[in-house]
Amino acid sequence: MSALNNKSPYVIDDQKISFTFDGKKYFGFKGDTIASALLRNNIRLIGRSFKYHRPRGIYTCGIEEPNALVQIPSEYNDPNIRATVKQIYEGMVVESQNRWPSLKNDIGSINNLFSPLFSAGFYYKTFMGPKGFWKKVYEPLIRKTAGLGKPPKKFKSKSIHFYHNVDIVIVGAGLSGLLAAKKLVDTEHDVLLIEQDNFLGGILKNTKKIKTINGQKVNEWLKKTETLIKNSKNINVLKNTTVTTYNFSNHLVALEDKSVGNLQEKNKPELVLHKIRTKHAILANGHIERFISFRNNDLPGVMLAASFEKYIHRYGVIPDNSPVIFTNNSSTFSLVKSLIDLGCKPQAYVDAREKKQIEKKTLDLLDTHNIPAYIKSEIEGCDGKNKVEEVSVRAKKNNITKIKTSMLCVSGGLNPDIHLFTQSRGLIKWDSTQLVFKPNSSFQNTITLGSVSGNFSYKKTSEEVNKKLNFLEETKNLEVKLDINDFEKFNIKELWETKHAKKSLWSKSFADLQNDVTTRDLKQAVLEGFDRIEHLKRFTTNSMGTDQGKISSVNSLGIVSKILKKNISEVGTTIYRPPYTPVSFSAIAGRSTYKFYDPERKTPIHPWHVNNNAVFEDVGQWKRPWYFKKHDGETMYEAVQRESKQVRRTAGILDGTTLGKIEIKGKDALTFMNLVYTNDFSKTKPMSGKYALMLGEDGMVKDDGIVCKINDQHFIATTTTGGAMNVLSHMEEYAQTEWPNLNVYMNSVTEQFATFNISGPKSRIILSRVFSDIDFSNEKFPFMTFNKFNYLETEIRILRASFTGEIGYEVYVPPKYALALWEKIFYYSKDFDLVPYGTETMHLLRAEKGYIIVGQDTDGTVTPIDLNLNWMIGKNKKDFIGKRSLIRSDIVKENRKQLVGILPLNKSENIEEGQHIIESETLSTPIRKPVKMLGHITSSYYSPTLDHCVAMALIKEGRKLIGGKAFVSTPNLKTIPVQIVKPAFVDPKNEKLLS
Amino acid sequence: MTKLFSTEGMDVVQKDLQQVILRGKGDEQFAQVINKEISLLPPSDNLRVVNNDEFIFAKQSFDQWCLISLKEQSHKDILKLVSIINANEEMLASDYSYGQVYFEITGNNKNYYLNKLTHFDFRPKKFPVLTMAQTLVARIDCSIYHLQDKYVISCNSSFEDYFKDRFLDTISL
Amino acid sequence: MLLINCPYCGERDQSEFSNGGEAHVARPKNPELVSDREWSEYVFIRANPKGIFYERWVHTHGCKKWFNAVRNTSTDEILKIYKLGEEPPTLKDFKNTPKTPSGEPKVGSGNFAVKKL
């Protein structure tokens, strides 16, 4: 009745490993999983179920485990770890989940008592009222009790991505997968062989079903084959890697655990997410056994038969020396034989089939060793306190025999593991002889080999491998002779569930173990009208756990098909969704975390900004100085007020490198520019610039900038920082797709120049000192003109333009010379208190002039006419992008929002961006009717020059309302009386700008 | 030239090179204008790279070429070349001399490390010698030139720090 | 993650491209002569069929060139890629069916993976 040790080449039994489970110390061996180690120590109780808090044990020996989920409270604190997969390391701390105060005495088991209330659809039907209870009572409670494990408090994990480009991927290194790999050794195909265990072999190492291959002992053959593959030129192997997703097209994602059997190292990746592009995918990922539903089929001590067998051979532990075996097919023959070969005897053998369906070699074995055999019988249920203590065998209608045992091995059939195949959008079909869903036709370049294709006979393996892979070039036929020690005829009998002996609200057979879905729930769901499988799944939450019902969902379909009296193929399956096994968010994020979250862009002046206490803001991917802190205690508000004042007093300099610059040239450049912008550049003088607007085809402002015309065939345009890529894409789209007949080219030159925006009354004299041989006088260097100048061994361009309303210049210098020139400018401006300023001050200064910022005062629904910029539209242009839309009825209608200036009547009041403009002073409390909104504040700042707040707004029929009054509503229902004015506050006649 | 990283099977060196981006029809006249200035004919097959001691000259798509100068020239000389080419109304030359950074990657394990940064298919049968490709590396737009036994990867200089940090991170993890 | 065969750069991951919507939607030659309705249809309205669809792609993180593709929107298969200005393939070059690989499912059948025998 207890566990025994067996020798396995995959577990190092002279390397003891200690670990704790729920505070108690245990020993296992190197290579043990938590499950195999616990079984070695006769630990059967491992967790409590999700809804009913029923005691649960280890059900399987693989990734399909529904019950044995544990928490590992290291600094990574991973929840819901499958104990059947995770290998132990020295000092590992393991805790069971979902129980309080302890696993043995869990207060949640009271749910089991109230279980008739928690039937299917419980979540949808309860928690409906009273009003207000959801937020205050139900949700906090549900959040606390939901889930199984506890999530980590902080994200510490490091994982990486790895990309593969290959010709063939082989998923699964079992018998078929290894034969396929052998066939491809040293051919021209680049092959990737992926195995989820840390040893190759699959069924060859998990069982003794194959004795020899081509005369060699299996272990030897495995060693030789692995060496052959390792030494080949064209095959790479990934171990501890599970393929989780099969995308379109022929793109697979696989998850590799880098710390198998070891504590996670700090500077090594925890997980690798492999992204694989291939020409062909060979799925040789095998099958998964399914269970049978009977009363209390969830008690610790019930285990799948093939899993028991895997514990014996793969992990070297015999979980119980005399289990009862319950089956409806011939696959358990090898389990019986394995036990007998090790000197153990099954307590009983229960087979649902007729004698004539059972193979002779099985019957002989049972007979020879005096194993009680119950033919044409089934398990009615099992009983015990927190574990299996006795099982009830039903031979005829009510003839029940009780057998004392501590373990029950169940085999309800073998499911080809079709998850990946259906993810690839291949079609499956129901095989009514083997009672399986198996692949029918591929949608992508997918080949299935071995048991996943529904081939359960090892005899046919090599024929299948040869036949299906012969289309690949350079491959030859493999000669494979297998000495098989397994069943010959599967002979499965349809059995999804057994009936309870007594009717009771509390007796349960489970259809899904992880989500505590009983067979009664399935029946109830159908009764309530959920007879379509996709609805039924969601109503009952059947197969929605982390195991996706791998051992149980087909049974549920079988049960439902019987209720509906339909063929199982008519009922169909639900869609298997990726990932196949749980994937940590760490793996999905890869290195795109914390400082690598998004690529960062810096200007050549960046080091200077850092040294001068710039506080940065992200503009797209760029790091731009937001403001500069003069001293540690200076607040942002203080800094911006100081910077703004200084610019208008003497001069300020802004790093404008991030704004886009595009060089446009060609025979038809002028025609193109006239089509892409609202302006008419034909009358523009060479070597001068124009403030230009770009619209979308819908007539809305898309971007703005300054277009410098060198000549009719050569332009350089600037764009906003955020719009640079979009403007270039927009130009390329039209040039390539709409007007390919125009000879014009455009190149981005954003990175080829650093841009310094220097403005203020003293800017002229500062630049004259820096560039002593350039004449910056108003006569020789008029507003909106530019020129090229020699500078050291290079050339610079200077444009006279300003976004601040003061005299200003834009200096364009190649990056190599940029930082030195910036510092030189500061050197020559020592007498003038030149202030470096950031984006916030820039926003403030332009607002004082009423200049718009695209994206701030516009939002994609604003036309140039709304912005009072009609003068920028070339009247004589027949066509440009957006022109036709400007006369659409929606654009010419009366009450469109128009740009205006807003000033508070009381100069001490402050207006905020985003506040609404309304007609009435008072608002009723509480507000019962919608308040008419005239518009909203788009920009607002406290002007240090004028000593009061200035704001811009978009208001319905704004231009008509200029001179009038309105109110701005604030969050606390107080309203601020305001004047509607023209949007120009400082130097409205632009006298300073043009001086 | 600065040695950046050296690890098992890969060495990365950063170089300061100069570049000009050329746009044009790629016809006889286009070739003549260029050949006259640098004594080198522009490659005519798409993605083809011509490589000698002085230049890497590559065709990036049907109307775009990049000319990379391997030997440092005075900026004035390059700007003169740009201006001569721009005298032709059907061509555009943009100076790209100081807005890009260049990394030269050698070693027989270089593909292993690069495969952690990009999905690009580096297999020789897909990316032969003396060809180039424009793709994403470490989420940044890059050009990769496959020269004999090495790759030269270039990207915008604003990404320099991020790119180097990502590379270092890839090697260390 | 589609694999798209850029006519200039070769086969690349979908992540390098941006989709450009329906292809062959001609901008009216004389916008000033069309009605508001016709103009709005050009600016705002695009087809969205289930099945064979002619669309545009641009190789944003590569050569930045635009090209056309014929894609079956229900299976995502790209059936043909052709350059701008090339003659677009005709519908009879493809099996013009909107069916998904499993065939058109019956309304409410919830059965997408299993074909009825």
Which of the three applies to region B:18-95, rounded, prolate or oblate, going by the alpha-carbon gyration tensor with a ≥ b ≥ c and a/c under 1.5 meaning rounded? oblate
Averaged over C:32-42, number of beta-carbon atoms from partner chains that fall within 10 Å: 3
Once you've got the GNM for chain B with C-alpha springs shorter than 10 Å, pick whichever of B:SER154, B:SER39, B:SER97 has the biggest mean-square fluctuation. B:SER39
Under the Karplus relation 6.51 cos²θ - 1.76 cosθ + 1.60, θ = phi - 60°, what is the ordered set of whole-Hz ³J(HN,Hα) values for region B:78-87, x standing for Gly and Pro? 5, 5, 5, 4, 4, 5, 5, 5, 5, 5
Taking the Cβ of each residue in A:THR327, A:THR839 as the centre, tally the other Cβ atoms inside 10 Å and list the residues starting with the fewest. A:THR839, A:THR327
Rounded, prolate or oblate: which fits chain A, taking a ≥ b ≥ c as square roots of the Cα gyration tensor eigenvalues, rounded meaning a/c under 1.5, else prolate when a/b beats b/c? prolate
Average Cα contact separation per residue, region A:1-139, under 8 Å, 6 or more apart, as relative contact order %: 22
Once amide H atoms are placed 1.01 Å from N in the peptide plane, what residues at a sequence separation of 5 or more from B:LEU4, or on another chain, have their amide H within under 5 Å of its amide H? B:VAL12, B:VAL13, B:GLN14
Per-peptide average of other Cβ atoms within 10 Å, ordering A:145-154, A:546-555 highest first: A:546-555, A:145-154
Once normalised by the length of region B:18-95, the mean sequence separation of its alpha carbon contacts under 8 Å that are 6 or more apart gives a contact order in percent of 37
Counting only helical runs of four or more DSSP H residues, what would the 222 nm mean residue ellipticity of the protein assembly as shown come to if each run contributes -39,500 (n - 2.57) and the total is spread over all its residues? -5500 deg cm²/dmol
Say R0 is 35 Å: what FRET efficiency, to the nearest 0.05, do C:SER18 and A:TRP506 get from their beta-carbon distance? 0.05
Got a sec? How would A:MET725, B:MET1, A:MET731 order by Cβ neighbour count within 10 Å, fewest to most? B:MET1, A:MET725, A:MET731
Between C:LYS80 and A:LYS956, what is the label-to-label distance in nm when each label sits 7 Å out along the Cα-to-Cβ direction? 5.2
If you place +1 on the Cβ of every Lys and Arg, -1 on the Cβ of every Asp and Glu, and leave all else neutral, what size is the dipole of chain A about its Cα centre, to the nearest 20 Debye? 2640
If R0 is 45 Å, what FRET efficiency do you get for A:ASP833 and B:ALA87 from their C-beta distance, rounded to 0.05? 0.50
If you take the beta carbon distance between A:LYS144 and A:PHE585 as r and set R0 to 22 Å, what does 1/(1 + (r/R0)^6) give as a FRET efficiency, to the nearest 0.05? 0.50
Working out 0.36 nm times the residue gap between A:ASP773 and A:LEU946, then minus their Cα-Cα distance, what length gain in nm do you get to one decimal? 58.6 nm
Tell me the label-point distance for the pair B:VAL129, A:THR212, using the 7 Å Cα-to-Cβ offset, in nm and rounded to one decimal. 5.0
In nm, the gap between the two label points placed 7 Å beyond Cα toward Cβ at C:ASP36 and A:ASP364 is 9.2
Trypsin sites (Lys or Arg not before Pro) lying in DSSP loop within region A:1-69, provided at most 15 other Cβ fall within 10 Å: A:LYS7
Applying the gyration tensor rule to the Cα atoms of region A:661-751 (axes a ≥ b ≥ c; rounded if a/c under 1.5, else prolate if a/b exceeds b/c, else oblate), the class is rounded
Amide H of A:ASN5: which non-local residues (sequence gap of 5 or more, or other chain) have their own amide H closer than 5 Å, using H built in the peptide plane? A:ILE318
For region B:15-20, Karplus-derived ³J(HN,Hα) couplings (6.51, -1.76, 1.60; θ = phi - 60°; whole Hz; x for glycine and proline) come out as 10, 9, 10, 10, 8, 10
Could you go through region A:842-857 in sequence order and give the Karplus-derived ³J(HN,Hα) for each residue, using 6.51 cos²θ - 1.76 cosθ + 1.60 with θ = phi - 60°, rounded to whole Hz, and x for Gly and Pro? 4, 4, 5, 4, 6, 5, 4, 9, x, 7, 7, 10, 5, x, 9, 8
Given contacts defined as C-alpha pairs under 8 Å and at least six residues apart, what's the relative contact order of chain A, whole-number percent? 9
Going by C-beta contacts inside 10 Å, put A:MET687, A:MET673, B:MET91, A:MET407 in order with the fewest on the left. A:MET687, B:MET91, A:MET673, A:MET407
What do you get for trypsin sites (Lys or Arg not before Pro) in region A:902-995 restricted to DSSP loop and a cutoff of at most 14 other Cβ within 10 Å of the site's Cβ? A:LYS907, A:ARG928, A:LYS932, A:LYS974, A:LYS989
Distant-in-sequence amide H partners of A:HIS161 (H built 1.01 Å from N, under 5 Å): A:LEU273, A:ARG591
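Bear in mind that the values in this text are calculations on the coordinates, not laboratory data. Here the structure is a predicted model, which is why all the values come from computation and not from measurement. Note: ideal-geometry Cβ built from the backbone for every residue, glycine included; neighbour counts use all protein chains shown.
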